[in-house]
Amino acid sequence: MRIFKSALLVAAAIIPATAHAEDSDTIIVSANRTQQTTSEVAQSVTVITLDDITTRQSVAVIDLLRSVPGITVTSNGGLGTSTSVSIRGADSDQTVALIDGVKLNDPSTPGGGFNFGNLLTGNIERIEVVRGSQSVLWGSQAIGGVVNIVTRTPTEAIAVNAAAEYGWRDTARVVGNVSGKFGPVSASVGAGYLRTDGFSTFNEARGGKERDGYRNFGANAKFSVALSDAISVDLRSWYSDGKVGIDGFPAPTFSFGDTPEFARTKELVGYAGLNAALLDGRFRNRFAYTLTDTRRRNIDLTGGAELETFNAKGRNERFEYQGNIDLIETVGATFGAETEKSSFRTSSYGSSFSHAEARINSVYGQLSAKPISGLTLSAGLRNDDHTIFGGKTTFSAGGVFTPNEGGTTLRASYGEGFKTPSLFQLFSEYGNTALVPESSQGWDAGVTQRLLDGKIEVGATWFHRDSRNLIAFISCTVPLTGICIGHANGTYDNVAKARAQGLEFALTLKPVEALRVQANYGYVDATNVATGRDLARRPRHSVNTSLDYDWAFGLKTGATITHVGASFDNASNTRKLSGYVLVDLRAAFPVTRHIELYGRIENLLNEQYETSFRYGTPRRAAYAGVRLAI
């Protein structure tokens with residue numbers, strides 16, 4: 001078996017590159033907050049399309065994200081548990097997550113980030129990943145990059161999509177979506193449900209025996225109302241209600257093990273926007289209100305009675321304006337203003353609620369120019385004013401050049417990023433109101449080459465980022481002095497600096513119409529500048545290879561091989577997480593023009609691995625399902 005794994009890994013490594021190469025006319029929104037083709041975007045972007053999502057059959061968004069070069073996924077168990085996404089070695093709280101353009105961060109968490117554990121593919125039709133510091137356009141947290149999730153959009157004709165599947169450990173999922181246009185109203189509405197017996201959050205290989213199940217109900221909706229040719233209204237909503245079994249530290253040993261506990265998370269995202277196109281469409285305006293509301297509860301059932309061990313609510317409200325104007329044929333501008341109010345409240349074991357709020361006001365602008373054919377240049381500036389720490393200004397610039405109509409593409413970009421201290425870091429019992437924002441300066445440069453009319457596409461990108469004023473928890477001992485005065489149990493301080501650099505290779509092969517091979521290799525060297533040690537849970541090497549073949553009689557088959565290298569579980573680099581190889585197989589066959597049967601085997605080699613010390617991961621599993629598209 002070990003020889004077989006090694007052979008698979010060597011086969012994957014022979015093809016260095018990235019999982020989702022883009023066609024020359026692919027439209028990207030998240031890079032510059034406006035629609036642009038890849039030939040006009042200087043940043044490193046990966047787009048996971050609806051075809052990719054359908055082909056891969058993945059249930060969790062993180063299973064798709066882990067195939068993107070430079071991304072590391074860490075989970076404290078199975079579906080629904082705490083799950084983080086790191087881009088190019090940045091902290092997971094330094095990733096901006098969006099659904100349909102609405103920021104998803106949870107102000108009630110210690111770092112103010114987003115938990116990807118409840119994010120299922122359901123009715124998602126597109127994922128855009130922008131790598132590199134992007135705070136000029138996306139504000140706080142965009143030090144590592146941006147993950148933009150797009151749910152199914154309204155269609156002109158009535159369309160119905162549905163799927164149902166069943167598999168390993170009594171796992172069942174149903175999902176459906178209906179869309180269409182009715183006069184001036186376009187709509188897309190869907191819902192999904194998943195349940196599974198799951199596996200032990202406490203790694204079964206270390207003695208975990210109790211299965212920690214999971215269930216999730218989700219819903220999505222989009223409405224667009226055309227009031228005139230130039231004015232429209234957008235309404236969007238996304239909802240997730242997840243409940244998952246977790247493990248803890250039971251008496252009498254108080255060491256990590258099986259416990260009858262569960263965590264419940266309810267997430268609501270809302271958007272209401274007014275769009276106005278003026279000057280014959282050259283001046284496009286958007287006014288919007290967005291809401292993110294996250295509520296979490298942990299319940300311990302030890303002894304048969306329900307004991308609430310944790311209760312939290314995080315809320316973001318944002319008013320924003322964005323304008324896009326074509327100044328002349330070759331010069332355009334994107335600019336806007338935002339005001340965001342964040343609040344949280346938390347309680348443990350029935351104690352009174354701790355609560356706090358803060359506001360940040362922002363203005364930004366970016367110019368884009370095409371001075372000669374094939375060359376696009378951009379530069380932007382942003383200023384943020386926070387109620388606690390004051391002002392912060394960031395800058396970005398980039399250029400992309402295609403001298404031969406997309407055959408060769410040269411890219412380079414520079415970006416600054418920042419992350420405001422979370423409300424917990426500022427105002428909790430461990431809080432420090434003297435904290436300043438974490439900040440970064442980074443650049444990348446790369447080249448992509450298309451050969452044989454697009455049958456071969458190969459690319460490489462080098463990146464470098466320096467981060468400073470990183471916030472870390474400081475333990476305090478008696479006698480309390482300096483920053484520890486008034487914080488006997490510890491506090492937060494800006495004490496760390498980090499450096500991340502690396503290389504991303506990408507390759508797509510389409511030797512014949514029926515065969516597609518995609519692969520990537522990512523090298524990420526992320527270290528603490530002061531100690532020289534690796535940042536925790538940042539594997540240096542990752543390889544992904546995906547092969548799909550469509551047979552003449554309708555059968556579609558494919559395989560994905562993923563290798564993640566070894567990393568350290570802690571900052572002191574004393575506890576190691578071994579590398580691992582995952583092999584997934586998949587197949588699909590159309591029964592009729594509208595109905596398709598599909599199935600997959602995940603972790604074919606039954607690999608035992610951990611992305612976080614002591615926490616379980618799924619073993620070999622098989623699933624079968626049916627899809628309907630009308």
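What follows draws every value from the coordinates through simple rules; no lab data is involved. Keep in mind it's a predicted model, so treat the numbers as computed, not measured. Cβ coordinates were reconstructed from backbone atoms using ideal geometry, including for glycine residues, and neighbour counts include every protein chain displayed.
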Inset, instruction - May I ask you to list the GluC sites (Glu not before Pro) in region 349-422 that are in a DSSP loop and have at most 13 other Cβ atoms within 10 Å of their Cβ? - result: 405
Legend entry - Most to least packed among 598-607, 382-391 [average Cβ atoms within 10 Å]: 598-607, 382-391
Legend entry - Gyration tensor (alpha-carbon) shape descriptor, the chain, a/c threshold 1.5: rounded
Inset, instruction - Would you mind calculating the relative contact order of region 2-629 from Cα pairs under 8 angstrom and at least 6 residues apart, reporting the percent as a whole number? - result: 13
Inset, instruction - Positive end of the charge dipole of region 181-305 (Lys, Arg +1 and Asp, Glu -1 on Cβ, about the Cα centre): tell me which of 294, 268, 232 has its Cα farthest that way. - result: 232
Inset, instruction - Compute the Cα gyration tensor for region 72-229, then decide on rounded, prolate or oblate, letting a ≥ b ≥ c be the square roots of its eigenvalues: rounded whenever a/c is under 1.5, prolate when a/b is larger than b/c in the other cases, and oblate in all that remain. - result: oblate
Inset, instruction - Divide by every residue of the chain the summed helix terms, -39500 (n - 2.57) for each DSSP H run of at least 4, and state the resulting mean residue ellipticity at 222 nm, rounded to the nearest 500 deg cm²/dmol. - result: -1500 deg cm²/dmol
Inset, instruction - Can you spot the lysines whose alpha carbon is less than 21 Å from residue 556's alpha carbon? Ignore those fewer than 8 places along the same chain. - result: 455, 510
Legend entry - Per-peptide average of other Cβ atoms within 10 Å, ordering 253-264, 208-219 highest first: 208-219, 253-264
Inset, instruction - Order the peptides 618-627, 520-529, 71-80 from the highest to the lowest mean number of other Cβ atoms within 10 Å of their residues. - result: 71-80, 520-529, 618-627
Inset, instruction - On a C-alpha basis, how far is the centre of region 41-83 from the centre of region 526-600 in Å? Whole number, if you could? - result: 9
Inset, instruction - Give me the distance between the Cα centres of region 241-273 and region 286-329, rounded to whole Å. - result: 17
Inset, instruction - Work out from phi, with θ = phi - 60° and the Karplus expression 6.51 cos²θ - 1.76 cosθ + 1.60, the ³J(HN,Hα) of each residue of region 619-629, listed in order in whole Hz, and give x for Gly and Pro. - result: 8, 4, 8, 10, 9, 9, x, 9, 10, 10, 9
Legend entry - Magnitude of the charge dipole, region 2-629, Cβ model with Lys/Arg +1 and Asp/Glu -1, debye to 20: 740
Inset, instruction - Straight distance only, please: which lysines reach the Cα of residue 222 with their own Cα at less than 26 Å, same-chain residues fewer than 8 apart left out? - result: 103, 181, 243, 266, 313, 341
Inset, instruction - Can you tell me the dipole magnitude for region 48-112 around its Cα centre, using point charges on the Cβ only (Lys, Arg +1; Asp, Glu -1), in Debye to the nearest 20? - result: 120
Inset, instruction - With an 8 Å cut-off on Cα pairs and a minimum separation of 6 or more residues, tell me the relative contact order of region 414-463 in percent. - result: 32
Inset, instruction - Would you please classify the overall shape of region 192-279 from the alpha carbon gyration tensor, given that a ≥ b ≥ c denote the square roots of the eigenvalues, rounded means a/c under 1.5, and beyond that prolate means a/b larger than b/c while oblate covers the rest? - result: prolate
Inset, instruction - Give the share of C-alpha pairs in each 10 angstrom bin for region 450-562, from 0 to the last occupied bin, in whole percents, shortest bins first. - result: 12, 25, 21, 16, 13, 8, 5, 1
